[in-house]
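Derivation of every value follows stated rules applied to the coordinates shown; laboratory data play no part. These figures come from a predicted structure and were not determined experimentally. Every residue, glycine among them, receives a Cβ derived from its backbone with ideal geometry; neighbour counts consider all protein chains shown.
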Amino acid sequence: GDDPEGETGVITKTRPKTQRPPLYKVLLLNDDYTPMEFVVHVLERFFGMSHAQAFELMLVVHKKGVAVVGVFSFEVAETKVAQVMDFARRHQHPLQCTMERE
Ligand code: TYC
């Protein structure tokens, strides 16, 4: 802690750690059946991407198997995952969306 002189003669400064909320990555997983256009639509609808951005990121997932589609607070990440999973299920596509702590 502060010891401006003190026992050691070494001066240190107290710098309180600013507390930030933990962040969560939302991940989209590739599969063989969900249509590319459906994934593009999901990224536009739930992640506010332009069509071009969404198409580009869909191709990353398609080629690499997985990609981070956004980073959010726990509550927002949880909501995005639930929205995507529900939308995919309603359309009978096997698309998987998960989250993990950053
Ligand atoms: N691989 C799928 C296809 O060829 C497209 C796809 C892309 C599916 C991204 C899921 O998260 C995904 N139709």
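At-a-glance table
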quantity	calculated
Selection count where residues are surrounded by 14 or more Cβ atoms within 10 Å (Cβ to Cβ), farther than 12 Å from N30 by Cβ and free of Cβ contacts under 8 Å to residues at least 60 places away in the same chain, scope the stretch 58-102	15
Those helices (runs of 4 or more DSSP H) lying entirely in the chain with at least 1 residues hydroxyl-bearing (S, T, Y) and away from the ligand (no atom under 12 Å from the Cβ)	74-90
Pairs where the first residue, in the stretch 26-47, is among the aromatic types (F, W, Y) and the second is in a helix (DSSP H, G or I), C-beta under 6 Å, 6+ apart	F46/K80; F46/Q83; F46/V84
